[in-house]
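Bear in mind that the values in this text are calculations on the coordinates, not laboratory data. Predicted model only: the values in this text are computed from it and were never measured.
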Amino acid sequence: MKISKIAAASALLLFSFLLSSLCYSEPVKLRYIFSPGDELYYVMEADGTGALTSGIIAKEGEPERKQDINMTMKLRMGFETKVGDVDQGGAATLTTRLSEYRLSQDGKDIIDFKSDDERNVTNETNSALIELYKNPITMKVTPLGGVINVSGIDRLSKTVPQMDIAGLIKQTQQKFPEKAVDVGDTWDENIDFSWDNNSGKKKNTVAAKYEFMGYETVKDLRCARIHVKGEGDLSDVFNSIPSEIPGSVMDTKSLFVRYEGDIYFAPAEGVLTAFDFTMNQDVAAVITIKQGADSLKLNMSLNMALSGVYELK
């Protein structure tokens, strides 16, 4: 009898503990808390796979020659953020720079860059990374995560003048609802992608849904776990981007994006601690390359899958 009572008491204690991890005494307001002089360092590490299927038709009427290529990749990016002035409403000036970028494919390093070592700068891609280090991005961000203004993106904007880089940064900054939220509450957020060229502006939207799942301890902090799931068809924008292959025309293109993950945010400290995520991209294109009187047609489809974590160090 004593054993059964102890077991029952243990079960009740375990149930109480689990219940406390899911419930909060009252709804909570999710707000960033900025303090002048604070420095935050985030690292994103991800593993990915890719499956490329291509078919080449050298001449009209000839059979298609197909080829399948599978690849693996690893990505690591580091970001340093310094908090500057904070106004009376809690909005802060944040300066963020890229401190490291490491990309490998099939076990071979493609880019291995650290901001304090410029010796491996060999091409335009690496040069652009150096510029992102030398010229960090500055944003004024509200406690809700809204971006009031962005500066330091001149080089990026000149590289891709058809895209609203500042607008994209403003939309992708993690934002929270104005009202207090409780476990089980949901809210929506959209990210618009646009491309403006001679044929006019094309716009597509990635729609995301957030749900407050409960509380977990991450890095010794009591964090709200917020599940996010988003997807979007970016084909209109993709189709408006011209081909970079000389003498080629892309007849049809499609791009579909899906992502899902869990955001961990510590309300008492007002800091994002981690974001676990998975992302999938499906790309398809038909490329016609003119070669004198003949033309070569390439049918291509690519699936990219990426999973990783973005976390506070």
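Remark on V183: its backbone amide H falls under 5 Å from those of Y24, a criterion applied only to residues 5 or more positions apart or on other chains, H modelled at 1.01 Å from N.
Database remark: amide H of L221 closer than 5 angstrom to no amide H (H placed geometrically; neighbours at sequence offset of 5 or more, or on other chains; Pro and chain starts carry no H).
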